[in-house]
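Student: Encoded as structure tokens, here's the structure I'll be asking about.
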Amino acid sequence: MTTSFMATTMRTPKTNPASADTRQRLIDAAARLFADKGFQNVTVREICKASTANVAAVNYHFGDKAGLYRAVITFAIQIMLETNELSQRAGDGLSPEEQLRGFVRVFVSRLTGEGPNAWIHRLMAREMERPTDVLDQVMAQVLKPRIEYLCGVIGAIMQLPPSDPRVFRCVTSLQVQCLVAARPVPKPIARSLGTGPHDLEAMITHILDFSLGGMRAIASGK
């Protein structure tokens with residue numbers, strides 16, 4: 001079931017420095033809580049306690065909890081768009097294969113669970129599992145342009161039109177591998193499997209070699 005936020009009234013951000021600081025603290029605290037627990041399971045009181053803000057501050061800045069959630073998503077979209085741009089820029093002027101290598105290297109590095117924006121990956125996973133109205137915004141502004149770019153690059157590698165279903169399936173496969181690679185295997189599982197510490201560079205190399213080999217094989221019909 002999709003949670004509807006369409007009726008939410010967004011408040012104009014306050015320009016007073018102290019007010020702006022409170023607003024950002026609310027967004028930062030809400031981002032972590034929404035990512036960890038989901039929109040439905042977080043209360044306004046929890047957010048205000050975590051941000052050391054007055055309970056009335058959410059209504060003052062955002063209208064209600066749904067308005068705050070929209071602000072968090074807007075903040076997340078800005079960071080994800082930056083990731084898209086940096087990932088694509090890494091391959092400027094290079095061959096399609098090197099464009100893909102540049103994209104994956106930057107994209108996975110930005111997604112790792114160690115950075116200050118690690119909450120975005122968790123939040124998007126929750127949004128996919130239990131969609132709200134904001135998912136359409138994420139799809140239109142972030143995912144659609146990313147997929148179109150990758151379809152162009154991978155289509156060139158496979159020597160197929162970007163619209164070919166085989167190209168889209170390869171794009172989907174690549175994206176899933178990148179998302180999995182960004183989440184280190186929990187230590188108990190790694191120990192039981194006999195694997196060593198999470199080696200991000202080795203994982204990126206594997207994704208690229210594995211994916212490029214698969215793309216060429218699919219394109220050739222083998």
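The values are calculated or read from the model by the stated rules, or taken from the named source; none is laboratory data. Just so it is clear, the model here is predicted, and its values are computed rather than measured. Here the Cβ positions follow ideal geometry from the backbone for every residue, glycine too, while neighbour counts run over all protein chains shown. Areas reflect the complete protein model, heavy atoms only, side chains present, ligands, DNA and RNA absent. Shrake-Rupley method; radii C 1.70, N 1.55, O 1.52, S 1.80 Å.
Student: Kindly establish whether Ile147 is open to solvent by less than 40 Å² (accessible area, probe 1.4 Å), within 23 Å of Leu208 (Cβ to Cβ) and at pLDDT 95 or above.
Tutor: No: the conditions fail for Ile147.
Student: With the requirement that a residue be part of a helix (DSSP H, G or I), open to solvent by 30 Å² or more (accessible area, probe 1.4 Å) and within 18 Å of Leu86 (Cβ to Cβ), what does the stretch 102-135 give you?
Tutor: Answer for the stretch 102-135, where residues must be part of a helix (DSSP H, G or I), open to solvent by 30 Å² or more (accessible area, probe 1.4 Å) and within 18 Å of Leu86 (Cβ to Cβ): Arg105, Val106, Ser109, Arg110, Leu111, His121.
Student: I need the full set of residues from the stretch 113-130 which are more than 10 Å from the chain's Cα centre (by Cα), within 20 Å of Ile147 (Cα to Cα) and of a type outside the set (Asp, Glu), in order please.
Tutor: Result: Met128, single match.
Student: Which pairs do you get when a residue that is closer than 12 Å to Gln177 by Cα, found in the stretch 206-222, comes within reach of a residue that is open to solvent by less than 70 Å² (accessible area, probe 1.4 Å) and of a type in the set (Lys, Arg), reach meaning Cβ atoms under 6 angstrom, with the pair 6+ apart or on two chains?
Tutor: Leu208/Arg101
Student: Take Ser4 and tell me if it is at pLDDT 95 or above, small (Gly, Ala, Ser) and out of contact with any helix residue (DSSP H, G or I) (no Cβ under 7 Å at 6 or more places or on another chain).
Tutor: Here the answer is no, as Ser4 does not meet what is asked.
Student: Which one of these is modelled with pLDDT under 90 and closer than 26 Å to Val176 by Cα: Thr83, Thr132, Thr74?
Tutor: Thr132
Student: Sticking with this structure for a sec: Just one of (1) open to solvent by less than 50 Å² (accessible area, probe 1.4 Å); (2) over 17 Å from Val176 (Cβ atoms) trips up Val142, so point out which.
Tutor: So the condition that Val142 fails would be (2).
Student: Go through the stretch 58-97 and report how many residues are under 13 Å from Ala29 (Cα atoms) and over 21 Å from the mean Cα position of the chain (by Cα).
Tutor: Residues meeting the conditions: 2.
Student: So which of Pro188, Pro184, Pro197 ends up being assigned to a helix (DSSP H, G or I) and modelled with pLDDT under 95?
Tutor: Checking each option against the conditions leaves just Pro188.
Student: So which of Val44, Val55 is surrounded by fewer than 18 Cβ atoms within 10 Å (Cβ to Cβ), over 30 Å from Arg146 (Cβ atoms) and hydrophobic (A, V, I, L, M, F, W, C)?
Tutor: Val55
Student: Follow-up. Is it the case, given these coordinates, that Phe107 is among the aromatic types (Phe, Trp, Tyr) and out of contact with any Leu (no Cβ under 9 Å at 6 or more places or on another chain)?
Tutor: no
Student: Name the single residue, out of those in the stretch 161-181 being open to solvent by less than 60 Å² (accessible area, probe 1.4 Å) and not β-branched (Val, Ile, Thr), that is modelled with the lowest pLDDT.
Tutor: Ala181
Student: Working only within the stretch 75-90, note down all residues that are open to solvent by 30 Å² or more (accessible area, probe 1.4 Å), farther than 23 Å from Ala156 by Cβ and touching a residue at least 40 places away in the same chain (Cβ under 8 Å).
Tutor: Answer for the stretch 75-90, where residues must be open to solvent by 30 Å² or more (accessible area, probe 1.4 Å), farther than 23 Å from Ala156 by Cβ and touching a residue at least 40 places away in the same chain (Cβ under 8 Å): Phe75, Leu81.
Student: Here is a list of conditions, (1) buried (at least 16 other Cβ atoms within 10 Å of the Cβ); (2) not in a helix (DSSP H, G or I), and Gly93 meets all of them except one; can you say which number that is?
Tutor: (1)
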